[in-house]
1. Here is a list of conditions, (1) open to solvent by 50 Å² or more (accessible area, probe 1.4 Å); (2) in a helix (DSSP H, G or I), and Leu32 meets all of them except one; can you say which number that is?
2. On the basis of being in a helix (DSSP H, G or I), in contact with a helix residue (DSSP H, G or I) (Cβ under 6 Å, 6 or more places away or on another chain) and either open to solvent by 90 Å² or more (accessible area, probe 1.4 Å) or touching a residue at least 12 places away in the same chain (Cβ under 8 Å) (or both), does Glu64 make the cut?
3. Spot the failing condition for Tyr38; the list is (1) touching a helix residue (DSSP H, G or I) at 6+ places or on another chain (Cβ under 8 Å); (2) outside any helix (DSSP H, G or I); (3) open to solvent by 70 Å² or more (accessible area, probe 1.4 Å); (4) at pLDDT 95 or above, and only one is missed.
4. Determine whether Asn66 is at pLDDT 95 or above and of a type in the set (S, T, N, Q).
5. So which residues in segment 41-58 are part of a helix (DSSP H, G or I) and either over 19 Å from Pro27 (Cβ atoms) or open to solvent by less than 60 Å² (accessible area, probe 1.4 Å) (or both)?
6. Tell me, yes or no, whether segment 26-34 has at least one residue that is closer than 15 Å to Asn66 by Cβ and not basic (Lys, Arg).
7. Among residues belonging to segment 2-24 that are in a loop (DSSP other than H, G, I, E, B) and over 24 Å from Thr67 (Cβ atoms), point out the one that is most open to solvent (accessible area, probe 1.4 Å).
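The values are calculated or read from the model by the stated rules, or taken from the named source; none is laboratory data. Values in this document were obtained by computation on a predicted structure and should not be read as measured data. Positions of Cβ are backbone-derived with ideal geometry, glycine not excepted, and every protein chain shown enters the neighbour counts. Heads up: the accessible areas ignore ligands, DNA and RNA and are worked out on the full protein's heavy atoms, side chains in. Shrake-Rupley method; radii C 1.70, N 1.55, O 1.52, S 1.80 Å.
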Amino acid sequence: MSDIIDKFNELTVKVKNSSSDPSIIVPNDIKLKFYSYYKQSAIGDCTTECPGVFDFTKRALWTEWNTLKGVSKEDAMKMYIYYAEQYV
């Protein structure tokens with residue numbers, strides 16, 4: 001498990017820094033995946049209330065994270081790693 005955590009931590013830094021690199025283009029739907037897998041890995045299941053229908057950005061982020069309800073933190077890390085290795 002420590003190998004997964006180390007790889008996850010390494011890739012979260014790369015993903016965070018990728019926004020300043022114009023050669024790395026990450027589609028918005030994949031950015032949502034990064035967000036949801038990161039939140040599930042760090043916090044676990046989404047327990048916050050759903051944002052209002054007119055708060056489009058927060059609602060999209062909440063919806064994506066909430067779809068992972070029940071996914072283990074380790075599995076979320078593995079999926080984060082999977083997507084990060086493809087894009088950064």
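1. Among (1) open to solvent by 50 Å² or more (accessible area, probe 1.4 Å); (2) in a helix (DSSP H, G or I), Leu32 violates only (1).
2. On the way: in a helix (DSSP H, G or I): yes; in contact with a helix residue (DSSP H, G or I) (Cβ under 6 Å, 6 or more places away or on another chain): yes; either open to solvent by 90 Å² or more (accessible area, probe 1.4 Å) or touching a residue at least 12 places away in the same chain (Cβ under 8 Å) (or both): yes.
Judged against the criteria, Glu64 is a match.
3. Of the numbered conditions (1) touching a helix residue (DSSP H, G or I) at 6+ places or on another chain (Cβ under 8 Å); (2) outside any helix (DSSP H, G or I); (3) open to solvent by 70 Å² or more (accessible area, probe 1.4 Å); (4) at pLDDT 95 or above, the odd one out for Tyr38 is (2).
4. Here the answer is yes, as Asn66 does meet what is asked.
5. Of all residues in segment 41-58, those part of a helix (DSSP H, G or I) come to 41-42, 56-58.
Ser41, Ala42, Lys58, listed by residue number.
6. Taking every residue of segment 26-34 in turn, at least one turns out to be closer than 15 Å to Asn66 by Cβ and not basic (Lys, Arg).
7. Pro22
Here is a yes/no grid of residues against (1) in contact (Cβ under 8 Å) with a residue 12 or more places away in the chain; (2) farther than 15 Å from Met79 by Cβ:
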site	(1), (2)
Lys16	no, yes
Ile24	yes, yes
Lys33	yes, no
Ser36	yes, no
Gln40	yes, no
Thr48	yes, yes
Gly52	no, yes
